[in-house]
Each structure stands twice: as C-alpha cells, then as structure tokens.
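The values are calculated or read from the model by the stated rules, or taken from the named source; none is laboratory data. Keep in mind it's a predicted model, so treat the numbers as computed, not measured. Don't worry about glycine lacking a Cβ; one is built from the backbone with ideal geometry, like all the others, and counts go over all protein chains shown. Ligands, DNA and RNA are stripped out before the accessible areas are found, and what is left, the full protein with its side chains, is counted by its heavy atoms. Shrake-Rupley method; radii C 1.70, N 1.55, O 1.52, S 1.80 Å.
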Amino acid sequence: MSATPLWKGRLGGALDADFAAINASIDVDRRLWPQDVQTNRAYLKALVRAGLVTAEEGRAIERALDAVARDLAAGAVAFTPELEDIHMHIESELAARAGECAGKIHTGRSRNDQVATDVRLFVKEQAGRAVKELIALARTLLGRADETRDVLMPAYTHLQRAQPVLLAHWFLAYAEMCLRDIARFAFARGQADALPLGLGACTGAPFAIDRELLARELGFAGLCRNSLDGVADRDFVVDYLSAAACLFVHISRLAEDLILWSSAEFAFVELAEPLSTGSSMMPQKRNPDSLELARGKAGRVFGNLLAMLTVLKGLPLAYNRDLQEDKAPLFDSADAVLGVLPVVRKVIATLAILKERCAEALQGGWIEATAVADYLTRKGVPFRDAYKIAGTIVRDLAAAGRTFADLSAKEWRAYAPELDAGIARAITMDAIVAARDGIGGTAPSAVAREIERLGAALAALEAEEDK
Ligand code: ARG
C-alpha cells in the first residue's frame, strides 16, 4: 500500500504523527464502504457514457470494483490510517487491481461530492429502516391496545392518580407518537434524497457528466442544484438526528412509565424475563435494564444532534474538513435507533399486565371526584360550585378514612340535592370512562374507533413502504 497519500498534489514529506491520528477517519467511515462502492459503480458508468473512460477501461475498473467489494465484504481489505478514509482505500485498491487506468475514476470528482453522496445514501437507508421498525412498533402497540380494552387503571397527572383510563388508551398514546416519528424519519429521508455526485470539489464538474443518469443509477429522486451548497450541506443529517432525538424523547417516556409500573410500588406490569436482568448481589432482583438502557441512550442521541448543529454553525462555504465529524454522531444515533426499537417492541409485545393491581389502584383514592363534579354539572350546577362540593366531600371522606362507596343516599343528598339516586351509578369506573366517548376520549367506544383508524393508517404506510 502506498504511503504517499493520493492528495499529495503540492505537499511533500510525511504528516506529523499526532495530526495523522486525527486526520484519518477510516475507523469511523469504513462502514460506508457499501455506499462508496455503489457511488463508484454509478460514477464509472457516467464516465464511460461521457467518453472519459473507454469501454475497455470501464470493464477493467468494474472487475476491480467487484473484487474490492468482495474483499471488503469478507473483511479482507487491510485498513491503514495513511489512506485516511474509505474513499482513498477503495481508490487505492482499484489501482492495485486495475492498474493505471483506475486513476481515471476520480475524473471530475472530489471526495467532497463523493462523501456527501455516500452519507446521503446512508441516511436514506437508515431512515427507511427506522420507518419500518416504527411501523412494526406501532402495530405491536395497537395489538396490545386491542387486548386491553377492558383493563382499567388510573391515569396520572403530576404522577398522582387523576382519573380512570383504559390501558388500551395508554398503548394508543404511544402509537400516536410512533406515527409522528414515522413522519419525521420519512421527512429526513426525503431531505437526503437529492444527489451531490458530479458537483466536484465545489463549483461543478468541467466534464459532460450526466448527473441525471447518476441520480437514476443511485436511486435519488433529484439533484442538488448548487455545487457550493451540495458539497457543504448536511441539513439532512440534522433532520435525521433530530428525528432520532424526538424518537428518543418518546422512547424514554415510554420506558419511564413502564419502569415505574414494573416496580413493586405500582406492580401494574411485569417485564418478560429475557428482557430483564438480575442483580449480581441481590438475588431477588428483576431489573428493567432493557428499558433503562433505552431511556439512557437518549442522552447520547440528543448530544449527537447538538454535535452536528455545532459542527455546521458558522462553517464557511463550501466544504471544510470539519464536515468529516458528521459521521460519528450520525452512526451513533443510527445504531441507537435500530438497536433500541426492536427491544422496545419486544418489551411491549411480551409485557405481562397485572390487571387486578391496575384495578386496585383505582380504589380508595377518590379518583371519582371529577365525576362527582361532572354529575352535578350535568344537573345544572355551575362547574366551579360543583368542584367545591366534590372537594368538600373528598375532604370529609379523607378525614374519616372513608371512600365514596361508603356514602349513603342520605349523606350524598346532604351535600347537594342534585346528588340523587343516579350518583352511585354515574361514578362507577365503567361509567366514568364510558362517558368520555368523544374523539380522543378513553371510552371503550372511542378507543375502538381509534384502533380501527390507526390500523388503517398503518396499513397505508405499510403499502407505501413496500412499494
Ligand atoms: N473523509 C472526508 C470526509 O469525511 C472526505 C472528504 C475529504 N475532502 C477533502 N477535501 N479533504 O469529509
């Protein structure tokens, strides 16, 4: 392998060793080799088409490219920091195999348009995979919602028991978030879907390279229309990282809910054993590490977004080497997204629901209080007065260690004549949830409608993604 970097146009001598260590990105960008092989193939075709490489040379370089791809796939290419990055490695491997004519592949091309193209291919693929994983997660949430239409539990505000809700409604809340995350990843994929290749270092290529052909070959929907922007733009990375960050906001909230609920204090759910860990010291422990890691990775994923924004801020046009720092945050978030989503999906799919415990948590905490006020309101009492009456009852019950169920008809009426024989039925848990039957409410009828609607939305997305 040549120790003289391929970029040594006017420079002589060796690089300072410490600088060489930070200059090389091969340890990070080696994973872009499939994308780089792909862009090389397409570019070679365009060069042959433009008459810049003869058909015979084209065949020789193509054969060399096949061999390099095979070796890369087999892990048989030795990476060296002297060759800096994946582009240099592939070019140098081509030269070793196809001889002198391989040098023609860099005609009109720069690593600047090359790397921008590779990274766009990577983001498109990763965003597409995230969309698929999110569809699968939303399907799983929907399935669990379908099974838990009759499981009642408290809804919390301020982590205090607030009102009864169907567990199905909770599953659907996260399915809604999935749909929004899908839209965000699909947006990032769309933003990445323009081709920089053929723009050269910064001002375009002085050769008749058919960029439309390149775009078709590489599956890009369009072209980057300005060379200065095209080689320097990493907005699409920001969009991907921001979609990932928002996803991890959601994942961390879901994880937090389930971590709490799997504690002995709540005991609403139990994580499947293969998704839990024990303690090396306390034999009784069954820890929700899978969810804690999902929650914890949010830290890095948010940091990656900030890292990318900061690299881009104030960067003069066009390409600057700072941009090499796009890959580590991108890869790290991509790995977190595709690593964590299947785990969360499996946690949801295998979660045991401790239905009785959920129901128990509705008892004894005066969770019916809003319904008492609502009942009075329906009888014509202004809500603020109704609220006060219900509050007084709760205060008295709390002082006496009693619950609403302990009140006699006479006691009810003593608080307000409107609290008649109907009140007992109106404040059963079933009646409370059934009353919330408008769009977005937790009534079984409303939840059934949403399960149907979300199912149809997911089917449409699945059809779209399978196209
Ligand atoms: N490894 C570089 C990167 O990731 C490739 C582009 C280098 N271009 C240059 N002009 N030095 O950005």
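Number of residues in region 177-207 that are assigned to a loop (DSSP other than H, G, I, E, B), more than 16 Å from the ligand (Cβ to nearest atom) and of a type in the set (S, T, N, Q) equals 0. From the list Leu32, Leu72, Leu15, Leu83, the one residue that fits, being within 16 Å of the ligand (Cβ to nearest atom) and without any contact (Cβ under 8 Å) to a residue 40 or more places away in the chain, is Leu15. Of everything in region 431-463, what is in contact with a helix residue (DSSP H, G or I) (Cβ under 9 Å, 6 or more places away or on another chain) and among the charged types (D, E, K, R)? Give them in sequence order. The answer is Arg436, Asp437, Glu450, Glu462. For the condition without any contact (Cβ under 8 Å) to a residue 60 or more places away in the chain and among the small types (Gly, Ala, Ser), Ser290 qualifies.
Taking the condition open to solvent by less than 40 Å² (accessible area, probe 1.4 Å), part of a helix (DSSP H, G or I) and farther than 30 Å from Gly198 by Cβ, does Leu254 pass? Here the answer is yes, as Leu254 does meet what is asked. Per this entry, Gly222 is counted among residues that are away from the ligand (no atom under 16 Å from the Cβ), over 18 Å from the mean Cα position of the chain (by Cα) and either more than 16 Å from Arg345 (Cα to Cα) or touching a residue at least 12 places away in the same chain (Cβ under 8 Å) (or both). Just one residue in the set Asp332, Asp322 is among the acidic types (Asp, Glu), under 18 Å from the mean Cα position of the chain (by Cα), within 16 Å of the ligand (Cβ to nearest atom) and in a helix (DSSP H, G or I); that residue is Asp332. Report yes if Trp412 is surrounded by 17 or more Cβ atoms within 10 Å (Cβ to Cβ), touching a Leu at 6+ places or on another chain (Cβ under 6 Å) and more than 30 Å from Arg286 (Cβ to Cβ), otherwise no. The answer is yes for Trp412. Screening the candidates Ala67, Ala21, Ala78, Ala95 for the property of being part of a helix (DSSP H, G or I) and in contact (Cβ under 8 Å) with a residue 40 or more places away in the chain yields one hit, Ala21. On the basis of being buried (at least 22 other Cβ atoms within 10 Å of the Cβ), among the aliphatic types (A, V, I, L, M), assigned to a helix (DSSP H, G or I) and within 14 Å of the ligand (Cβ to nearest atom), does Val115 make the cut? Considered against the rule, which asks whether it is buried (at least 22 other Cβ atoms within 10 Å of the Cβ), among the aliphatic types (A, V, I, L, M), assigned to a helix (DSSP H, G or I) and within 14 Å of the ligand (Cβ to nearest atom), Val115 comes out as yes.
The set of residues in region 118-140 being of a type in the set (A, V, I, L, M) and within 12 Å of the ligand (Cβ to nearest atom) consists of Val119 alone. Figure legend. Inter-residue proximity from region 320-333: first residues within 10 Å of Val237 (Cα to Cα), second residues acidic (Asp, Glu) and within 11 Å of the ligand (Cβ to nearest atom), beta-carbon distance below 8 Å, spacing 6+ or different chains. Indicated pairs: Lys327/Asp29. Flag: Ile61 does not match the condition of being farther than 21 Å from Arg321 by Cβ, within 16 Å of the ligand (Cβ to nearest atom) and either over 34 Å from the mean Cα position of the chain (by Cα) or modelled with pLDDT under 95 (or both).
For region 304-316, check the following and say yes or no: at least one residue is within 16 Å of the ligand (Cβ to nearest atom), free of Cβ contacts under 8 Å to residues at least 60 places away in the same chain and over 20 Å from Tyr240 (Cα atoms). Looking through region 304-316, at least one residue is within 16 Å of the ligand (Cβ to nearest atom), free of Cβ contacts under 8 Å to residues at least 60 places away in the same chain and over 20 Å from Tyr240 (Cα atoms). Regarding Ala215, is this residue open to solvent by 20 Å² or more (accessible area, probe 1.4 Å) and either under 29 Å from the mean Cα position of the chain (by Cα) or not hydroxyl-bearing (Ser, Thr, Tyr) (or both)? So Ala215 fails the test. If you go through region 90-112 and keep only what is within 14 Å of the ligand (Cβ to nearest atom) and open to solvent by less than 10 Å² (accessible area, probe 1.4 Å), you end up with just Ile90.
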